Structures are given as C-alpha cells and as structure tokens.
Amino acid sequence: AHIGFFDDYKWDEDQSTVLGADLVVGLEYTFPTAPFSIGLDYKPAFNFIGDSHVWADGIALNLRFNIN
C-alpha cells in the first residue's frame with residue numbers, strides 16, 4: 001500500500017493526495033560457485049483515491065553479494 005501527497009507547482013496549482021496498492025514479484029538466481037545472486041523485480045502500482053493511475057513499468061535489476 002502507499003499514500004502520497006504532492007504539489008505540482010512547476011506546471012500548475014494542482015495539489016493532490018493519493019492512496020493505492022503495490023505488488024512486488026521477482027525472480028532470483030544464486031550462482032552455486034560464487035557469492036553472488038542476480039534478480040529481476042517487477043512492481044506495478046495503482047491509485048484507488050486521487051489520481052487514478054496505473055504504473056505498470058516498475059522494473060529493477062539487482063546484483064547481491066551473499067554473506068554466509
């Protein structure tokens with residue numbers, strides 16, 4: 001879930017409060033002979049209140065150093 005407050009003063013006098021939901025899903029691969037893993041996450045979001053907008057382009061690629 002998320003809540004946001006913003007003032008778009010650069011373009012107009014619009015102020016808004018938004019409330020919405022997020023979903024995070026991902027894939028991760030751990031290299032068997034190296035202390036690294038690589039992953040890909042996808043995070044779509046939707047506002048229920050305020051600016052009803054869907055963000056379907058939230059993607060992240062990550063590289064992690066694993067400590068055992």
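No value in this document is a laboratory result; all are computed from the given coordinates. Predicted model, so just to flag it, every value in this text is computed and none were measured. In this analysis, Cβ positions are derived from the backbone assuming ideal geometry, glycine residues included, and neighbour counts consider all displayed protein chains.
What the table shows:
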read-out	value
Local electrostatic count, Ala34, Cβ distance below 15 Å [Lys/Arg +1, Asp/Glu -1]	0
Extension gain (nm, one decimal) between Asp22 and Asp7, 0.36 nm per residue minus Cα-Cα	3.2 nm
Extension gain from Tyr29 to Gln15, taking 0.36 nm per residue of separation minus the Cα-Cα distance	0.8 nm
Percentage, to the nearest whole number, of Cα pairs in the chain over 17 Å apart	59
